[in-house]
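Single-structure report; data block below.
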Amino acid sequence: MLQYWRKKCNCLKISIVSTLKIFLFDGSLNPPTFIKTLLEQLAAKDVKCYLVGFGNNKQAAKLDRRIKIIALGDNRSQWSGVEVAVKMAVKSLVQQPTALQKNVRHFLRASGTPLRKRLNDFNLRNAISLHQPDLIHIQWATHIADVEYLLKTPQGPKIVVSLRGKLVNVTPHIDEKIDQLYARTFPQVDAFHAVSKHIGDAILSYKVAPKKIRVIYSGVQQQGIPQKNKPHPIIARPLQILSIGRFHWKKGYHYALDALYLLAQKNISFHYTIIAGGNNEELLFHINDLGLQEYVTILPALPHVEVFKKLAEADVFLLPSVEEGIANVVLEAMAVGVPVISSDFGGIKEVIRHGENGYLFQNRNVRDLATQVEYFLQQSPETLEKLVMNARATVAKQHNLSQLGENMMVLYKEILQTA
Amino acid sequence: MTIGFVLANPPGYSETFLVNKIRGLQENGYSVALFVDKPSPAFKLCAQYAAPGVPASGWLRLLKVGFYTVYFRLFYATIYHQFIKAEQAAGRSTTEGFKNLYRSMHLLKTRQLDWVHFGFATMAVGRENVAAVLGARMAVSFRGYDISIYPVKHPGCYNLLWQKVNKVHTISNDLLEIAYKLGLSHQTPVCKITPAIDINYFFTNTVKSTFHHPVQILTVARLHWKKGLEYTLQALSMLKQQDVQFRYTIIGEGEEYERLAFAAYQMGVKDWVTFAGKVPHEQVKTYYEQSDIYIQYSIQEGFCNAVLEAQAVGLLCVVSDAEGLSENVLHEETGWVVPKRNSAFLMQQLLKIIYLPNEKRQETSQRAMRRVKTEFSLTRQQQAFSAFYQESEF
């Protein structure tokens, strides 16, 4: 009997030791879909997965049961932060008294910073010392500031930082503090997950060893996506151009409108639909001022199924963005079988090869955009059919969402092994 | 005669246009009162009346609005009934009527107004019946955003205003044309009074002889999409490709800083562009004096005081053809007007100016200075406003 229990305990010990404990730190408790997907895929791989963020349990997204949620307190209410702090302090007093002592000391020392920030720090530090994760995966690069103290402790958890869009491509160039933060912390980070090679290269200037950067492309769920039958524009009706994405300056919609104005001047028949949600003063003014009211429709945000339906109905998908990591919506358009015309910003060139699986125009160049639409109209159905097939193949090969968790696991295991 | 101006805030020190207008009217024997959403203790020129604010919290809001409405109903019964009746006659719902009543209470309490003058057309939305109920005449100013942008987002928002307004003040012909398209009747009396600047403060007798090296280019504008700064930056990046050495300074702050700073970076002109942020009014003059070319390549612009100031100091001005700008600067006479939203055109124009012989530049600059001095002085503006209310006494 005693032997049986000893065996059982050993098994348990082994399983505890071998199960990877990972903190995914998103900042909030309701992360975007691609982070939710990553969490779910990791949880399915026998990894103890925690979604850590500011907020309370009520605000947390509904996720797979295997994913634990660590709510660090609602950012908007100080009391929520205090409540979490007290609960965690009591727990730490029993389980991690030394760490608690350190965390309290830090809390008291940081008297210059606002109380809310100090509470956030205290709660995050206690959560880390209580759960002792093997690895913390920071989803948004600027959050590296929250775990900067861990970079100096070699026995602490490994740190992985995701490099996505604006926080890497835009923010450091216009905010000196963020630039300094990256310069200070990035060389000590254990590994980076880059959403494109281009964005990975962007941090080499911070003296990051290239081998620490792993490109793992985002992807689309291949199953269940409706397939467009005829990829060529139907001449009998106006060319149906579609863009999808909320109104934000980085989407470059005003460039699209300027280009479409040129097409309208040339009497090219088209209709442009933007699925965005809400009205935007700037865009409405532009449409009105350019006299494009009859040519442009703005639709509210639609459910995913409806978006795919609209994609399948479109003749061409347009991405006029001035900056993106890699736009997922382009991958979806390619998977559906809609020819894509995109601006040639950073990472997109890793997905679209001009004339082979889509068309590129020079970023912010209105004339070039208009030229590409005209060029597209001159293509034969056979050329477009081939282009669409190539696009589908690219997405299937390079952007398969089901491999996201798998690829990320390889990265995690590698850095844990080097330890 | 008492004139009530309805504005969102009392004019700040730098808003010469409004401050001067009020001062001029007072000097000409008018009594002026200001009706604002948020009063400012710093403003001492005339009496201020604040609109009752709306508390953020639900319960407090209900309590305050309820109390004020009952109070108004008891002590201003006649006005109350007249206003509600007028709102009903205009086809507004009861809720809307009460909402408008609450927003206009500060105006309705003042019974002895001869004119209710809305500083922007947007200020008159929901308050179209105020003047009639008070037995006053109603005037409205067209300033830019209110006519060009707001109605695009709110179609039909001025339908009632067009019926009720007695006299219109526009700062440019272009805005008036847009207003006619929006439904303003051609029968409504209209008076164009352009903005004005303190000529004595800005005027210099010295005419700039040569350009600095690198050429100093300036824009004074809020960092807002309507100022067309992204197009300006793009034109400047093209200018850089033409091997022209320049430095560009933007004075002003705003919500689009990230967009513009990134554009400057991505277009490769980050080191050539300075975002100076908000600069005290007194220092702006120094910036004008140290620059060679002034650009105002707006997508939408009522008239633009900064362009007047730049011309007074002797800067060569390049502007877009948005609304009032082509009346502010006369193409190839007092400066240059370029079609908006076309960075290549702007770049070509800049290039031409940079290679223009010195005498030609000086001639343009002198013509601009002369025109600003004679047509856009504060005295002229004061006289015009004084007549604005007089000639309507029929």
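Just so it is clear, none of the values below were taken in a lab; they were calculated from the coordinates. None of these values were measured; they are calculated from a predicted model. All Cβ positions, glycine included, derive from the backbone under ideal geometry; neighbour counts span all protein chains shown.
Some points to look at:
- When the trypsin sites (Lys or Arg not before Pro) in the stretch A:316-419 are filtered for DSSP coil states and for at most 15 other beta-carbon atoms within 10 Å of their beta-carbon, the remaining sites are A:353.
- Ordered by the number of other Cβ atoms lying within 10 Å of each residue's own Cβ, fewest first, B:30, B:68 fall into the sequence B:68, B:30.
- Spin-label pair residue A:101/residue B:59, simplified geometry with 7 Å Cα→Cβ offset, distance in nm: 4.6 nm
- Along each principal axis, Cα extent of the stretch B:257-301, largest first, Å: 32, 27, 20
- Of the cross-linked pairs B:38/B:285; B:164/B:373; B:85/B:164; A:68/A:117; A:45/A:87, those separated by over 27 Å at the C-alpha level are B:38/B:285; B:164/B:373; A:45/A:87.
- 222 nm mean residue ellipticity, helices alone, for chain A (DSSP H n ≥ 4; -39,500 (n - 2.57); rounded to 500): -14000 deg cm²/dmol
- Chain A: relative contact order in percent, alpha carbon pairs under 8 Å with at least 6 residues between: 13 percent
- Too-long pairs where the Cα-Cα distance tops 32 Å, listed order kept, from A:158/A:197; B:44/B:167; A:62/B:227: A:62/B:227
- For chain A, size of Cβ-based charge dipole, Lys and Arg +1, Asp and Glu -1, in debye: 2360 debye
- Taken one residue at a time, the phi angles of the stretch B:381-387 give Karplus couplings (6.51, -1.76, 1.60, θ = phi - 60°) of 5, 4, 4, 4, 5, 4, 6 Hz. Gly and Pro are set to x.
- When the helices of chain B are scored as -39500 (n - 2.57) per DSSP H run of n ≥ 4 and the total is divided over every residue, the value at 222 nm lands at -13500 deg cm²/dmol.
- Helix B:358-375 vs. chain B, principal-axis angle (Cα, 0 to 90°, nearest 10): 20 degrees
- Tilt relative to chain A, helix A:366-378 - C-alpha long axis, 0 to 90 degrees, to 10: 60 degrees
- With Cα atoms, 0 to 90° folded angle of helix B:58-75 axis to chain B main axis: 60 degrees
- Distance from the Cα centroid of the stretch A:245-285 to that of the stretch B:1-75 is 40 Å (rounded to whole angstrom).
- The mean number of partner chain beta-carbon atoms within 10 angstrom of a residue's beta-carbon across peptide A:322-331 is 1.
- Nearby aspartates and glutamates by direct alpha-carbon distance to residue B:99 (threshold 12 angstrom, same-chain neighbours under 8 apart not counted): B:87
- Seen through its C-alpha gyration tensor, with square-root eigenvalues sorted a ≥ b ≥ c, the protein assembly as shown comes out prolate because a/c lies at 1.5 or above while a/b is bigger than b/c.
- Cα extents of chain A along the three principal axes, largest first (Å): 82, 54, 41
- The stretch A:46-166 shape via C-alpha gyration tensor axes, a/c threshold 1.5: rounded
- Of the trypsin sites (Lys or Arg not before Pro) found in the stretch A:259-312, those in coil by DSSP whose Cβ has at most 13 other Cβ atoms within 10 Å are A:266.
- Signed unit charges on C-beta, dipole axis of chain A, positive-most listed residue A:389, A:408, A:110: A:110
- Per-residue average of Cβ from other chains inside 10 Å of A:250-259: 2
- Residues of the stretch B:114-131 with amide N under 18 Å of a point placed 7 Å along Cα→Cβ from residue B:9: B:119-123
- Sparsely packed GluC sites (Glu not before Pro) within the stretch A:352-406, loop by DSSP, other Cβ within 10 Å at most 15: A:356
- Burial ordering of B:320, A:92, A:129, B:209, fewest other beta-carbon atoms within 10 Å first: B:209, A:129, A:92, B:320
- Neighbour counting of Cβ atoms within 10 Å sorts the residues A:213, A:274, fewest neighbours leading, into A:213, A:274.
- Gyration tensor verdict on the stretch B:199-375 (Cα atoms; rounded if a/c is under 1.5, prolate if a/b is larger than b/c, oblate otherwise): rounded
- Taking the empirical scaling 2.2 N^0.38 Å for compact globular proteins as reference, chain B has a Cα radius of gyration ratio of 1.09.
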